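Trainee: Questions regarding the structure given below will be posed in turn.
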Amino acid sequence: MERTKSIPLQPPTYGNLITVLSIDGGGIRGLIPGTILAFLESELQKLDGEDVRLADYFDVISGTSTGGLLTAMLTAPDENNRPLFAAKDIKDFYLNDSPKMFPQPAWWFFPGVMNIIKSLVGPKYDGKYLHRLIREKLGDKKLHQTMTNVVIPTFDIKNLQPAIFSSFEVKKKPSMDALLSDISIATSAAPTYLPAHYFETVDAGGKVIREFNLIDGGVAANNPTLVAIGEVTKEIIKGSSDFFPIKPMDYGRFLVISLGAGSPKIELKYNAPSASKWGILNWLTSGGSTPIINVFSHASTDMVDLHLSVVFQALHSEKNYLRIQDDTLTGQVSSLDVATKKNLNALIEVGEGLLKKPVSRVNLENGRFEASNHETNEEALIRFATLLSEERGLRLARSPHGKCAMLKSNSY
C-alpha cells in the first residue's frame with residue numbers, strides 16, 4: 001500500500017460515500033482539533049502505511065479562521081506533490097509560533113487594562129509575524145493546487161457578504177484563485193484581534209480581476225461543515241461527473257467529521273441582567289473575553305451541529321456524522337490568544353482528554369453538549385478511520401485511473 005499514497009483520492013462516483021472533514025475557528029484553541037487530527041491520521045497510518053495523510057481520504061476539507069489555516073497547511077502541496085504538513089506537525093506549529101503571533105503584554109500585572117486600551121485604538125495584534133510566517137510556509141501556492149478540495153469561508157466587509165474560497169468554484173471563477181497565504185491570513189483576521197486583510201487576484205497578464213476586503217470567516221460560519229456540504233451539493237446539482245449518480249439531497253452518502261475548537265463552560269457565559277447594561281466597551285471586553293465575538297461564533301457553530309444532527313438522524317445515518325467539541329473550558333484555556341507555554345500545553349491536554357469522552361451532541365435547551373451514546377470520541381475516530389480506508393480502497397479498485405496507477409506502482 002506504500003506506493004499508493006501518491007495516488008489521488010478517486011471521485012465519489014467510484015465509491016459509496018462523500019467524505020468531509022471540517023475544522024472550526026478558535027485562535028490558539030486550534031490545538032484542540034489539531035490534537036484530534038493527529039490521532040485520526042495515526043489511525044489511518046496504522047491501516048495504510050506511515051506516509052498517508054488526511055488529504056488522501058477526504059473529498060473536501062473545510063476550515064474557518066485557525067481551522068482555515070490548518071486546512072491550507074494540510075492540503076498545500078510540497079515539492080514532491082504531497083501535503084506540506086502532516087497532522088502531527090500541527091502541535092509544534094502552535095507551540096513554537098503562536099507565542100510570537102500573540103505576544104503577551106509586558107505589563108503582565110495589568111493585562112486587562114492593556115487589552116482594553118488596545119481594543120479601543122486598533123487590533124490587539126498587528127499580525128506581522130503571523131502574516132510573514134504564513135507566507136513563508138505556504139509560498140506561492142494557490143487555491144487550485146491543493147491536494148484535495150478545500151472550502152474556506154471569509155467575510156468581505158466592503159460587500160457585506162461571505163466570500164467562500166472553494167476548490168469547486170475556482171474551476172469556473174478564476175478570480176477566486178487566490179494565494180493560499182492570502183486566504184489563510186484573511187480567514188484568521190478576527191475583529192479586534194487581527195487587522196482586516198486586503199489583496200487582489202490578477203490574470204495571466206497581471207491585470208487585477210478582483211479585489212478582496214476580508215475579515216475572519218467566523219462571522220459567517222465559525223463551524224463550516226454546512227458550507228462544505230453546500231459546496232458539494234451544488235456540484236451534484238450541476239451534474240458533475242465526480243458525483244454521478246448521487247442525488248442532491250442524498251445526505252445518507254455523506255461521512256462527516258466536524259471538529260470544534262472548544263468553548264467556555266456555560267456557567268462562565270453571560271446573562272441578560274448584566275448584558276442589559278453593557279455599552280460598546282463591555283461588548284468588546286467583558287469578563288476577560290470578547291462577548292460579541294463569542295456570541296456570533298458560538299451561535300452559528302451550535303446551529304450547524306443541531307441542523308446536521310437532525311438531518312443525519314432523519315436519514316438513519318447518524319453514525320456517519322461525528323461532531324467533537326468541548327464546551328467545558330475554563331480560565332485561560334477558553335481564551336483565543338493566551339499563548340503561554342503553560343496554556344498551550346493545557347490545550348493539548350484538553351484535546352487528549354476529549355478523545356476519552358463520549359460522543360456528544362449539543363442540547364439547545366440548555367446549551368450543553370450531552371453524551372449521545374456509549375462510544376467514546378476515540379472509538380468513533382478509529383471506526384471512521386476504517387471506513388475512510390475502505391472507501392479509498394474501493395474507489396481505487398473501481399476507478400480506471402486508480403487501477404492503472406496501482407498496477408504502475410506495483411510494477412516497481
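Trainee: Might you let me know whether region 369-381 holds any residue that is within 30 Å of residue 285 (Cα to Cα), open to solvent by 20 Å² or more (accessible area, probe 1.4 Å) and either in a helix (DSSP H, G or I) or at pLDDT below 95 (or both)?
Mentor: Checking region 369-381: at least one residue is within 30 Å of residue 285 (Cα to Cα), open to solvent by 20 Å² or more (accessible area, probe 1.4 Å) and either in a helix (DSSP H, G or I) or at pLDDT below 95 (or both).
Trainee: Any residue in region 158-165 that is more than 14 Å from residue 197 (Cα to Cα), assigned to a helix (DSSP H, G or I) and without any contact (Cβ under 8 Å) to a residue 24 or more places away in the chain?
Mentor: No; the residues of region 158-165 include none that is more than 14 Å from residue 197 (Cα to Cα), assigned to a helix (DSSP H, G or I) and without any contact (Cβ under 8 Å) to a residue 24 or more places away in the chain.
Here is a yes/no grid of residues against (1) polar (S, T, N, Q); (2) at pLDDT below 95; (3) more than 30 Å from residue 99 (Cβ to Cβ); (4) crowded, with 21+ Cβ neighbours inside 10 Å:
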| residue | (1), (2), (3), (4) |
| --- | --- |
| 304 | no, yes, yes, yes |
| 314 | no, yes, yes, no |
| 331 | no, yes, no, no |
| 347 | no, no, no, yes |
| 354 | no, no, no, yes |
| 385 | no, no, yes, yes |
| 390 | no, no, yes, no |
| 406 | no, yes, yes, no |
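Trainee: Another one. So which pairs qualify, if the first residue must be in region 83-97 and acidic (Asp, Glu), the second must be open to solvent by less than 50 Å² (accessible area, probe 1.4 Å), the Cβ gap must be under 6 Å, and the two must be at least 6 apart or on different chains?
Mentor: Hits for this filter: 97/133.
Trainee: Further question on the same structure: Would you mention how many residues in region 144-167 are surrounded by 20 or more Cβ atoms within 10 Å (Cβ to Cβ) and either hydrophobic (A, V, I, L, M, F, W, C) or in contact with a Gly (Cβ under 9 Å, 6 or more places away or on another chain) (or both)?
Mentor: Qualifying residue count for the region: 10.
Trainee: Identify, from the list 134, 117, the residue that is assigned to a helix (DSSP H, G or I), at pLDDT 95 or above and of a type in the set (Val, Ile, Thr).
Mentor: 134
Trainee: Still on this structure: Checking the structure you have, find out if any residue of region 316-325 is touching a Lys or Arg at 6+ places or on another chain (Cβ under 8 Å), without any contact (Cβ under 8 Å) to a residue 60 or more places away in the chain and open to solvent by less than 50 Å² (accessible area, probe 1.4 Å).
Mentor: no
Trainee: What number of residues within region 171-199 are out of contact with any Leu (no Cβ under 6 Å at 6 or more places or on another chain), closer than 16 Å to residue 68 by Cα and assigned to a strand (DSSP E or B)?
Mentor: Residues meeting the conditions: 1.
Trainee: Does residue 298 satisfy being modelled with pLDDT under 80, part of a loop (DSSP other than H, G, I, E, B) and not basic (Lys, Arg)?
Mentor: No: the conditions fail for residue 298.
Trainee: Failed condition for residue 342, given (1) over 21 Å from residue 381 (Cα atoms); (2) open to solvent by less than 70 Å² (accessible area, probe 1.4 Å); (3) among the basic types (Lys, Arg), with all others met?
Mentor: Single failed check for residue 342: (2).
Trainee: Please tell me if residue 304 is in contact (Cβ under 8 Å) with a residue 12 or more places away in the chain, over 23 Å from residue 38 (Cβ atoms) and among the β-branched types (Val, Ile, Thr).
Mentor: yes
Trainee: Only one residue in 87, 55 is of a type outside the set (Ser, Thr, Tyr), buried (at least 24 other Cβ atoms within 10 Å of the Cβ) and in a loop (DSSP other than H, G, I, E, B), so which one is that?
Mentor: Just a single option satisfies the conditions, and that option is 87.
Trainee: Something else now. Hey, can you tell me all the residues within region 321-337 that are assigned to a loop (DSSP other than H, G, I, E, B) and of a type in the set (S, T, N, Q)?
Mentor: Hits for region 321-337 are 325, 328, 330, 335.
Trainee: Anything in region 136-150 that is more than 19 Å from the chain's Cα centre (by Cα) and at negative phi? List them, or say none.
Mentor: Matches in region 136-150: 136, 140.
Trainee: Sticking with this structure for a sec: Does residue 362 satisfy being over 22 Å from residue 38 (Cβ atoms), touching a strand residue (DSSP E or B) at 6+ places or on another chain (Cβ under 8 Å), surrounded by 14 or more Cβ atoms within 10 Å (Cβ to Cβ) and among the β-branched types (Val, Ile, Thr)?
Mentor: So residue 362 fits the description; yes.
Trainee: Another question, then. Are any residues in region 344-368 in a helix (DSSP H, G or I) and among the small types (Gly, Ala, Ser), and if so, which ones?
Mentor: Of everything in region 344-368, those that are in a helix (DSSP H, G or I) and among the small types (Gly, Ala, Ser) turn out to be 346, 351, 353.
Trainee: Also, quick follow-up: If you take the residues of region 38-52 that are hydrophobic (A, V, I, L, M, F, W, C), in contact with a Lys or Arg (Cβ under 9 Å, 6 or more places away or on another chain) and not in a loop (DSSP other than H, G, I, E, B), which of them is most open to solvent (accessible area, probe 1.4 Å)?
Mentor: 38
Trainee: In region 120-131, which residues are in a helix (DSSP H, G or I), over 18 Å from the mean Cα position of the chain (by Cα) and in contact (Cβ under 8 Å) with a residue 12 or more places away in the chain?
Mentor: Within region 120-131, 120, 129, 131 qualify.
Trainee: Where in region 208-287 are the helices (runs of 4 or more DSSP H), entirely inside, with at least 3 residues that are open to solvent by 70 Å² or more (accessible area, probe 1.4 Å)?
Mentor: 280-284
Trainee: Further, regarding this structure: Yes or no: residue 31 open to solvent by 10 Å² or more (accessible area, probe 1.4 Å), in a helix (DSSP H, G or I) and either in contact with a helix residue (DSSP H, G or I) (Cβ under 6 Å, 6 or more places away or on another chain) or under 30 Å from residue 240 (Cα atoms) (or both)?
Mentor: no
The values are calculated or read from the model by the stated rules, or taken from the named source; none is laboratory data. A quick note: this is a predicted structure, and the numbers were derived from the prediction, not measured. Ideal geometry is used to build each Cβ from the backbone, glycine not excepted, and the neighbour counts take in all protein chains shown. Side chains included, ligands, DNA and RNA excluded: accessible areas come from the protein's heavy atoms. Shrake-Rupley method; radii C 1.70, N 1.55, O 1.52, S 1.80 Å.
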